[in-house]
Amino acid sequence: MAESASDSVVSITGGRSFNGTLSVPGDKSISHRALLISCLASGTSIIKGLSQGKDVQATKALIAHLGARVDERGGRIFVEGGRDRLHSPGTVLDVGNSGTLIRLGAGLVAGLGGSYTFSGDESVNRRPMKRVFTPLVQMGAVIEASNHGDNAPFTLISHGLNGITYEMPVASAQVKSAILLAGLGASGTTTVIERIPTRRHSEEMLLDAGAEIDVTRYTDRSEIYIRRSSLQPLEYDIPGDPSQAAYWLVAALITPHSQITVKNIYLGDLRTDFIPVLTRMGAEIDISYRSRNSGDVTARSSQLNSTEIMPDEIPGLIDEIPILSVAAACANGTTVITGASELRVKESDRISVMVQALRSFNAKVEEFSDGMAISGGEKLHAGKVLAHLDHRIAMACSILGAAVADETEISGFESVESSYPTFLADLWNLTTA
Ligand code: S3P
């Protein structure tokens, strides 16, 4: 076998081709929201296709701590929720590695009222939280947090919130969603003004669940209005995660004699912008829609050329920059990525960690404060990568490791458990040496 795991170090033998058809885990953003919305909805929601990653399992545990009843039968999750059964749990709410959970969770409990303490792993406890605390405090929450009020662990106390109008200072779906979930429990109208569009799952899923929410789109901004609402239970059927599909699609593009089809992935707005980026690099990619927002995507071996990724593209590509930088290292010419400073506050500092990782494969990379320039066409060799508690670094570098010659070593590989526990098994099933 080409891959061997010892503790958290994985060795990947390169020189591989990727062929086959697969399904990837359920979309992580939709999975978190399906659980959180179900916990607020009075009655029983049913969720199919929930991500099995540890991040979403932490959300499942958190809503159970809050008082929702969560059962699993026949591969489906049943959530019995409703505001009247939810309460402060009296224990620390542990979000593990999940930035989405700590931010959306803070908004949700602020709207419930009571006292709640949140903590996570070393990576989450380093991530900026003031961006969420500022609007929640304006709404009336009291928050005591570590590191001058910017980090978890923190305790949030709320005795009723008031609606506010808040213009987003940073493009972040997590912050927007936290405010909307808080707004669901606030008096009056909460308005979020968003000038740079970010993923819209919260708005769409809250509307489906019966929230009083309206969105007005202007040429230069969206305004989202939400009012205190009761939610109804729903049945969710979660499509595959396009961010996870991106690893296999790039794997097929950068290796010879390869063709991969990823089945039934989410194809809605602001989640699949990596596909047109790859296409303009010369990628052969076909999409076959199953519905307006989901379908199968096929990629085959292609000669890639460099591209320029502009700041206004970043929010639609935010989770795919690590794997796009792998594609760039295998492309002709120099790919320049700018306007991506948000990457520095993800599970790791994805700019500096990815620059170091790519250099270990002998790629020529220049680091900027808000991005990087990657010159492809260098003779790449096996790399030595530290994943820094970051699943996307571990997965992106595994794909590059499988493409180049010899054995690539990835330390901290267990981080993939947070979103894609079967990643290595899928890699093995799809590759031939
Ligand atoms: C997410 C939003 C993005 C993304 C993260 C998931 C979400 O984060 O990077 O993986 O589900 O709302 P930001 O909102 O911080 O950009």
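Structure data summary
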{"quantity": "Residue list for segment 202-233, filter: open to solvent by 20 Å² or more (accessible area, probe 1.4 Å), closer than 20 Å to Thr100 by Cβ and either more than 16 Å from the ligand (Cβ to nearest atom) or in the same structural domain as Val326 (by TED's automatic domain parsing) (or both)", "calculated": "Leu207, Asp208"}
{"quantity": "Count of segment 182-201 residues which are open to solvent by 10 Å² or more (accessible area, probe 1.4 Å), within 13 Å of the ligand (Cβ to nearest atom) and either within 22 Å of Ser42 (Cβ to Cβ) or among the small types (Gly, Ala, Ser) (or both)", "calculated": "0"}
{"quantity": "Qualifying positions in segment 273-320 - within 16 Å of the ligand (Cβ to nearest atom) and within 24 Å of Thr431 (Cβ to Cβ)", "calculated": "Phe274, Asp319, Glu320"}
{"quantity": "Strands (runs of 3 or more DSSP E) (entirely within segment 115-182) containing at least 1 residues that are closer than 24 Å to Asn97 by Cβ", "calculated": "142-145, 151-158"}
{"quantity": "Failed item, numbered, when Val336 is tested on (1) closer than 29 Å to Leu50 by Cα; (2) in a strand (DSSP E or B)", "calculated": "(1)"}
{"quantity": "Elements of type strands (runs of 3 or more DSSP E) in segment 1-113, at least 1 residues being among the aromatic types (Phe, Trp, Tyr)", "calculated": "17-22, 76-81"}
{"quantity": "Residue within segment 238-253 that is open to solvent by 10 Å² or more (accessible area, probe 1.4 Å), away from the ligand (no atom under 16 Å from the Cβ) and over 15 Å from Thr21 (Cα atoms) present", "calculated": "no"}
{"quantity": "Matching option when the condition is within 16 Å of the ligand (Cβ to nearest atom), farther than 25 Å from His159 by Cβ, open to solvent by 20 Å² or more (accessible area, probe 1.4 Å) and of a type outside the set (S, T, N, Q), among Lys48, Lys60", "calculated": "Lys60"}
{"quantity": "Cβ-Cβ under 8 Å pairs, at least 6 apart or on other chains, segment 160-178 side on the phi < 0 side of the Ramachandran plot and in contact (Cβ under 8 Å) with a residue 24 or more places away in the chain, far side polar (S, T, N, Q) and assigned to a helix (DSSP H, G or I)", "calculated": "Ile164/Gln138; Tyr166/Gln138; Ala173/Ser29; Ala173/Ser202; Gln174/Thr100; Lys176/Ser202; Ser177/Ser202"}
{"quantity": "Residue in segment 68-88 that is most open to solvent (accessible area, probe 1.4 Å), counting only those that are closer than 17 Å to Gly185 by Cβ and touching a residue at least 24 places away in the same chain (Cβ under 8 Å)", "calculated": "Asp84"}
{"quantity": "Sole residue being more than 18 Å from the chain's Cα centre (by Cα), charged (D, E, K, R) and within 26 Å of Lys28 (Cβ to Cβ), chosen from Asp370, Asp319, Asp390", "calculated": "Asp370"}
{"quantity": "Filter pass, Ile285 being crowded, with 22+ Cβ neighbours inside 10 Å, among the β-branched types (Val, Ile, Thr), more than 30 Å from Val132 (Cα to Cα) and touching a Lys or Arg at 6+ places or on another chain (Cβ under 9 Å)", "calculated": "no"}
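The values are calculated or read from the model by the stated rules, or taken from the named source; none is laboratory data. The structure displayed is predicted, hence computed values, not measured ones. All Cβ positions, even for glycine, are placed from backbone atoms using ideal geometry, and neighbour counts span all protein chains on display. What goes into the accessible areas is simple: the full protein's heavy atoms, side chains included, and nothing from ligands, DNA or RNA. Shrake-Rupley method; radii C 1.70, N 1.55, O 1.52, S 1.80 Å.
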